[in-house]
Amino acid sequence: MVEPLPHVAIIMDGNGRWAKTRELTRPEGHLAGVDAIKRIVKAAVTRNLPILTLFAFSSENRFRPKAEVNFLFNLMHRYFDENLKELVEEGIYIKIIGETNELPKATLRLIDHVQNVTSDNDKMTLQIAFNYGSQEEIVNAAKSIAADVSENKLSLSDITKETFEAHLRTSGLPSPDLIIRTSGEYRLSNFMLWQAAYAELYFTDVYWPDFNEHELDIALKEYVTRERRFGRISEDNKSHDKEDKGLIAKFSLKKASK
């Protein structure tokens, strides 16, 4: 059976360190990071990936120097100013997730425009996590469910895993199958903590500005070698199933006789 193509999510990390190794400024590193975004979005389309999620700006990034934060906000505006027409022509639907209550009005208008103008596209979904933090997302989902219960829209018995997922920012999209993090860091950094429950994790030392089609293909090739069991046993272990059941039954009898 041919496995479906994965939903790939990328924690784009290492712009600043990439710049430092080249004696460049951090803004120059972020500009190079935008070039990598353009490259990887195109690569995802040509590889027929159904969903590409990019972690562009975390809620914790707001505590960086104000000048850098403003630069990153302006970069998002510049990216869509320069590339939205092509994204529309490519059939890409854009979904932007994250906390919106502290965003500038101009950024909120941009988000609404980008999502509306691409709403009919279905070739690929580009989900951008901007001003996003997974812990905040989970807390807000819990608050939303609690409000529904208090208003008698939900009962306690209605609250399931599916109900909770419907209250997350990522509602309507499947969880990522493969999460890639660049730059040699080995953590999720408050990214999709709920959604990553059974995602395959792939870490590379390559800084994000150097991440290219070749590096994406290496990650995808690694992904297809992984056996995703979701808590079950593998097909190879099923051959020992009869022997395992016998041992379990024997152990249970001994325990019951005590």
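The values are calculated or read from the model by the stated rules, or taken from the named source; none is laboratory data. Predicted model, so just to flag it, every value in this text is computed and none were measured. Neighbour counts are summed over all protein chains in view; Cβ atoms, including those assigned to glycine, are modelled from backbone coordinates with ideal geometry.
Might you let me know whether the stretch 116-126 holds any residue that is under 28 Å from T25 (Cα atoms), at pLDDT 95 or above, buried (at least 16 other Cβ atoms within 10 Å of the Cβ) and touching a strand residue (DSSP E or B) at 6+ places or on another chain (Cβ under 6 Å)? Checked the stretch 116-126: no residue is under 28 Å from T25 (Cα atoms), at pLDDT 95 or above, buried (at least 16 other Cβ atoms within 10 Å of the Cβ) and touching a strand residue (DSSP E or B) at 6+ places or on another chain (Cβ under 6 Å).
Test D205 against the stated conditions and say whether it is touching a residue at least 12 places away in the same chain (Cβ under 8 Å) and more than 14 Å from the chain's Cα centre (by Cα). It is true that D205 is touching a residue at least 12 places away in the same chain (Cβ under 8 Å) and more than 14 Å from the chain's Cα centre (by Cα).
Go through L201, L173, L193 for me and flag whichever is surrounded by fewer than 18 Cβ atoms within 10 Å (Cβ to Cβ) and touching a Lys or Arg at 6+ places or on another chain (Cβ under 8 Å).
When all the criteria are applied, what remains is L201.
Contact map, the stretch 29-50: first residue under 26 Å from V69 (Cα atoms), second residue small (G, A, S), Cβ cut-off under 7 Å, separation 6 or more or different chains; pairs are G29/G16; G29/A19. For the stretch 1-59, filtered to residues that are among the hydroxyl-bearing types (S, T, Y) and under 17 Å from the mean Cα position of the chain (by Cα), the residue that is farthest from T182 (Cα to Cα) is S59. Can you tell me which residue within the stretch 145-170, out of those that are among the hydroxyl-bearing types (S, T, Y) and surrounded by 11 or more Cβ atoms within 10 Å (Cβ to Cβ), is nearest to A9 (Cα to Cα)? Step by step, filter the stretch 145-170, then rank; the result is T170. For the stretch 61-109, the tally of residues that are of a type in the set (D, E) and crowded, with 16+ Cβ neighbours inside 10 Å stands at 2. When you look at D112, is it touching a Gly at 6+ places or on another chain (Cβ under 7 Å) and exposed (fewer than 15 other Cβ atoms within 10 Å of the Cβ), yes or no? No. Among the criteria (1) touching a residue at least 12 places away in the same chain (Cβ under 8 Å); (2) under 25 Å from A146 (Cβ atoms), the one L178 does not fulfil is (2).
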